[in-house]
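K.L.:
Have a look at this one.
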Amino acid sequence: MNLGDKKPEKKPLYVYYIIAIVVIFLLNFLVVPTIQEGSIITTDYSTFLNNVDRGNVTDVTVDGDYIYYVARKDGRDVECKTVAMDDPNLVERLRQAGVNMQEAEPARQSLFLSIILSYVIPIAIFILLGRWLSKKMMSSMGDGPGGMMSFGKSNAKVYVKSTSGIKFADVAGEDEAKELLTEIVDYLHNPHKYAEIGASMPKGALLVGPPGTGKTLLAKAVAGEAEVPFFSISGSEFVEMFVGMGAAKVRDLFKQANEKAPCIVFIDEIDTIGKKRDGGGFSGNDEREQTLNQLLTEMDGFDGSKGVVILAATNRPDSLDPALLRPGRFDRRIPVELPDLQGREEILKVHAKKIKIADTVRFDEIAKAAAGASGAELANIVNEAALRAVRDGRKFATQADFEESIEVVIAGYQKKNRVLSNKEKLIVAYHEIGHALVAAKQTDSAPVHKITIIPRTSGALGYTMQVDEKEHFLMSKEELENKIATFTGGRAAEELIFHTITTGASNDIEQATRIARAMITRYGMSDEFDMVAMENVTNPYLGGDSSLACSFETQTVLDKKVVDLVSGQHQKALKILQDNIGKLHELAKYLYEHETITGEEFMKILEAPMPELQQN
Ligand code: ADP
Ligand code: MG
Ligand code: ZN
């Protein structure tokens, strides 16, 4: 339910078309009748002549191809009509019979009339109908698609406290962000408190962070907490078909906001309109630039003390135009980062309130296993767990449901119908144990949590899940190297046992390369380049794209370094597996039989003395 649009019931467009068509039909059939023909008897020409000769005909009217005449029949005058013939004697004949003759005279006058009736009036009706329609559309502007006619009107939705219903309590974690936003809410409620000291609120606050971390949710929570009108619009809604329309929308939005002050304006995904303007060159996107300029102007224009606060959210702060970020515009930047362990646990709990769960569910364990997950993913995990419980006919979700749903979110659903040949299954088992064994035999590696060789819809034929006991904020060079070694462990096991290699390691290769590359280009972990950045991260929140910032020669050296680093770790992995080849066989066989084993099972087998040794 939105405030501020009392829109009348809108009839679908076709209703108006039907009305127009009916009106034209009526015009044609009623207003422009040719001649009332109902009572006229059509006769043939010879009958007409006979009547003339017999003196029955009194009046004759020639109208184009027809002759209308009045004949006396049985003492009554009957109107008749016949097709005119090319008869030169007719006039003479009629005169002799003493008939009144006349030429029909509708020609001039009624031509004029018929033009008016059949052209001018329908067109006028169409024009009037069109104008009335467009006026109706304009006035019924609110939210929702206004159609082509609503150019220049913003689609900002107005939320009020009671309708949004989302409070800060619904946003778990993100305490810093909440604190900063609370201040804004407080300012809107007690502006005099700030005015007394002379402090002025920032005009705008920009929520930045990776996708799914709750930026939009936070903005909605602000709307729920602040008891003021809340205008919410997405950046893409400013993008219009015609140049200048986006700017008009911005103008309209701020006009509305000024009228409703104190209020909050929220622009989601502001990067759509706030992208850096490129200087000169081809004028890439005039429309977007105009929209941005208008936004900048409006932000300068309005009076901050009136209590209009502008919130915006983006996951691409790097691409925003610097003019947007300068003081006086979005001068407060509120980071909304991926949740930490504590935050993940809280988010899980918030969402788990909506579903029925078993008492035994350990949220701390789930939070640990879901390292790196965003708020949106965690919400998804909870929902998947509930769905799984329903699928299995249970009344509540259990720990196992949650663990499986983490895997679903990470790796996709189990692909039960994919049948691996026994040989393939064996290779996958050795491959996964290779990863796990290398991880376990190194210090500073996260413990193995679960190993499975059940194929997933993501395409993974199996995977090894490692779960850190505690959260890492710093990674040492050794830890990163160990990670690379662990990634190469799968392939190493294949080489060692089957003396051949498969395509199964493509994902491992990707990940190992990414870490190795980052170590050298960004973390300064090579002797050669010292603390010089070879790459710049251009987009920290969306996949961390980076661009090279070094000469061509350096790139060559750099590539070589990356290869050396990875192959060094590959050798290390091979050595570890070679040294533990007995355990490798034993564990792979166990995994092959069981398909899924837990970290505890894995460690139990790994730490048990080798059977051969027992016999000795
Ligand atoms: P974005 O940062 O991309 O705007 P959203 O705010 O749209 O992310 O979050 C998507 C969904 O993820 C929310 O609707 C909510 O269910 C969940 N979510 C994300 N972060 C949190 C959080 N901190 N607390 C609770 N739920 C969250
Ligand atoms: Mg969002
Ligand atoms: Zn692998």
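Residue-wise test of (1) within 20 Å of Lys203 (Cα to Cα); (2) buried (at least 16 other Cβ atoms within 10 Å of the Cβ).
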| position | (1), (2) |
| --- | --- |
| Ala257 | yes, yes |
| Ile264 | yes, yes |
| Lys276 | no, no |
| Glu287 | no, yes |
| Glu298 | yes, yes |
| Asp321 | yes, yes |
| Gly328 | yes, no |
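K.L.:
Return yes or no: is Gly244 more than 28 Å from the chain's Cα centre (by Cα), at positive phi and more than 15 Å from ligand 1 (Cβ to nearest atom)?
P.N.:
Judged against the criteria, Gly244 is not a match.
K.L.:
Quick one: would you say Ser374 is among the hydroxyl-bearing types (Ser, Thr, Tyr) and over 30 Å from Ile497 (Cβ atoms)?
P.N.:
yes
K.L.:
On to the next question. For the range 335-357, give me each residue that is among the aliphatic types (A, V, I, L, M), in a loop (DSSP other than H, G, I, E, B), touching a Ser or Thr at 6+ places or on another chain (Cβ under 8 Å) and more than 7 Å from ligand 1 (Cβ to nearest atom).
P.N.:
Leu338
K.L.:
Exactly one of (1) in contact with a Ser or Thr (Cβ under 7 Å, 6 or more places away or on another chain); (2) buried (at least 17 other Cβ atoms within 10 Å of the Cβ) is unmet by Asn536. Its number?
P.N.:
Against the list (1) in contact with a Ser or Thr (Cβ under 7 Å, 6 or more places away or on another chain); (2) buried (at least 17 other Cβ atoms within 10 Å of the Cβ), Asn536 comes up short only on (2).
K.L.:
Moving on to the next point. Please name all residue pairs, on different chains or six or more residues apart, with Cβ atoms under 7 Å, provided the first residue is in the range 302-322 and is modelled with pLDDT of 90 or more and the second residue is in a helix (DSSP H, G or I) and within 15 Å of ligand 2 (Cβ to nearest atom).
P.N.:
Pairs that qualify, where the first residue is modelled with pLDDT of 90 or more and the partner is in a helix (DSSP H, G or I) and within 15 Å of ligand 2 (Cβ to nearest atom), are Leu311/Ala219; Leu311/Val222; Ala313/Lys215; Ala313/Thr216; Ala313/Ala219; Thr314/Asp271.
K.L.:
Same structure again: Among what's in the range 443-468 and is of a type outside the set (D, E, K, R) and away from ligand 3 (no atom under 16 Å from the Cβ), pick the residue that is farthest from Asn507 (Cα to Cα).
P.N.:
Thr443
K.L.:
If we keep just the residues of the range 257-272 that are more than 14 Å from ligand 1 (Cβ to nearest atom) and in a strand (DSSP E or B), which is nearest to Pro317 (Cα to Cα)?
P.N.:
Filtering the range 257-272 for residues that are more than 14 Å from ligand 1 (Cβ to nearest atom) and in a strand (DSSP E or B), the one nearest to Pro317 (Cα to Cα) comes out as Val265.
K.L.:
Of everything in the range 189-231, what is more than 31 Å from the chain's Cα centre (by Cα) and not aromatic (Phe, Trp, Tyr)? Give them in sequence order.
P.N.:
His189, Asn190, Pro191, His192, Lys193, Ala195, Glu196, Ile197, Gly198, Ala199, Ser200, Met201 - these are the residues of the range 189-231 that are more than 31 Å from the chain's Cα centre (by Cα) and not aromatic (Phe, Trp, Tyr).
K.L.:
Which count do you get for residues in the range 469-513 that are within 11 Å of ligand 3 (Cβ to nearest atom) and outside any helix (DSSP H, G or I)?
P.N.:
Result for the range 469-513: 1.
K.L.:
Which of the residues that make up the range 273-293 are over 22 Å from the mean Cα position of the chain (by Cα), modelled with pLDDT under 80 and assigned to a helix (DSSP H, G or I)?
P.N.:
Asp286 - this is the single residue of the range 273-293 that is over 22 Å from the mean Cα position of the chain (by Cα), modelled with pLDDT under 80 and assigned to a helix (DSSP H, G or I).
K.L.:
Among Gln342, Gln399, Gln442, Gln414, which is buried (at least 18 other Cβ atoms within 10 Å of the Cβ) and of a type in the set (S, T, N, Q)?
P.N.:
That would be Gln442, the only listed residue that is buried (at least 18 other Cβ atoms within 10 Å of the Cβ) and of a type in the set (S, T, N, Q).
The values are calculated or read from the model by the stated rules, or taken from the named source; none is laboratory data. All values derive from a computational prediction rather than experimental measurement. Every residue, glycine among them, receives a Cβ derived from its backbone with ideal geometry; neighbour counts consider all protein chains shown.
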